[in-house]
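Taking it in order: structure first as structure tokens, then the write-up.
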Amino acid sequence: IPLFPLPATVFYPNTRLPLHIFEPRYRQMIADALEGKQKIGMVLLQPGWEESYYAAPPIASVGCVGEIENHVLLEEGKYNMVLKGLNRFRIVQEFDGKLYRRAKIEPLQEINDQVLDASNNPAKEKLIEHCYRYLRLLPSGERFKKDLQLDDCKTLSHLVDQLAYRLNLTVEQKQKLLEEQNVLRRVDAIHSAIKIKVDLMNLSRMQIRPDTDFNLN
């Protein structure tokens, strides 16, 4: 599969990623992918990538396969396109021979995933409730809540990946969530991340009493 490494983008299954393709090597990659299976592997560049960006800087071993859902060919062979996330993968071996990087990959299976049907699911309900409690603290929380469309998620992994993709997490946190195959561990990690955000926001809203003696702090 062709590889598309980026420095600050972590892609997940069941999400969509808009891209503008302008570098010659990646324009060729997309042209080749459109003639083939229309799939590319999104991977994260490791720290220090700047020194060898145009060569083959270190990349994360786990990424996400994306399928080209739609595209527009622009002037000079550039592209605007949207990728639909399909599944996690681990790189097995890289190959030379093209302007862009390619690799043999193995799909990663979801562990402890759950189908979200019409019945109540405690993990789903608790996670959504926790998320909405956080969104109520944000000025744009209602719009963000609407965009999430969590009720449309068919599996617990889909729900967690939507939150991991949309929430304001560090790149390191996002990559760690991508690499975690155990869905219930990802649920716990999202709970922890949201709790930290809520605690920090509540702390920042606390008003200091006028008679506070800072010498006691």
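The values are calculated or read from the model by the stated rules, or taken from the named source; none is laboratory data. Computed from a prediction, not measured in an experiment: that's the story for all the values here. Don't worry about glycine lacking a Cβ; one is built from the backbone with ideal geometry, like all the others, and counts go over all protein chains shown. Just the protein is used for accessible areas: all its heavy atoms, side chains included, with ligands, DNA and RNA removed. Shrake-Rupley method; radii C 1.70, N 1.55, O 1.52, S 1.80 Å.
Points to keep in mind about this one:
- The portion of the accessible surface of the range 1-159 made up by carbon and sulfur, rounded to a whole percent, is 50 (1.4 Å probe; DNA, RNA and ligands excluded).
- Per-residue 3J(HN,Hα) values for the range 20-37, derived from phi via the Karplus relation 6.51 cos²θ - 1.76 cosθ + 1.60 with θ = phi - 60°, read 10, 9, 10, 5, x, 5, 7, 5, 5, 4, 5, 4, 5, 5, 5, 7, x, 8 Hz in sequence order (x marks Gly and Pro).
- Taking amide hydrogens as placed 1.01 Å from N in the peptide plane, the amide H of I59 sits under 5 Å from those of Q46, each at least 5 positions away in sequence or on another chain.
- Beta bridges by DSSP in the chain, antiparallel share as percent, to the nearest 5: 85
- The range 61-75 - phi-based ³J(HN,Hα) in whole Hz, Karplus 6.51/-1.76/1.60, Gly and Pro as x: 7, 10, x, 9, 6, x, 9, 5, 7, 7, 7, 10, 7, 9, 4
- Paramagnetic reach from F95 in the range 57-72 [backbone N under 18 Å; point 7 Å along Cα→Cβ]: 65-66
- Taking only the C-alpha atoms of the range 1-86, the Rg (one decimal) and the largest Cα-Cα distance, Dmax (whole number), read 12.5, 34 Å.
- Per-selection metrics, the chain (Cα): Rg and Dmax in Å: 20.4, 71
- Relative contact order %, the range 1-144, counting alpha carbon pairs below 8 Å whose residues are six or more apart: 25
- Peptides 67-78, 155-166, 52-63 ranked from most to least packed give 155-166, 52-63, 67-78, packing being the mean of other C-beta atoms within 10 angstrom over each peptide's residues.
- Viscosity 1.567 mPa s, 4 °C: Kirkwood-radius Stokes-Einstein D of the range 72-119 over Cα pairs, µm²/s: 87
- Per residue accessible area of the chain, 1.4 Å probe, in Å²: 59
- Links that overshoot a 26 Å alpha carbon limit, given the list K39/K124; K98/K176; K104/K145; K145/K197; K104/K154: K39/K124; K98/K176; K104/K145; K104/K154
- Looking at the range 52-166, the pairs of alpha carbons with a distance over 26 Å make up 43% of the total.
- Debye intensity ratio in log₁₀ form over the Cα atoms of the range 36-91, taken at each q of 0.12, 0.17, 0.24, 0.31 Å⁻¹: -0.38, -0.72, -0.98, -1.06
- When only alpha carbons of the range 126-194 are considered, Rg and Dmax amount to 11.5, 33 Å.
- Shape of the range 22-65, Cα gyration tensor, a/c cut at 1.5: oblate
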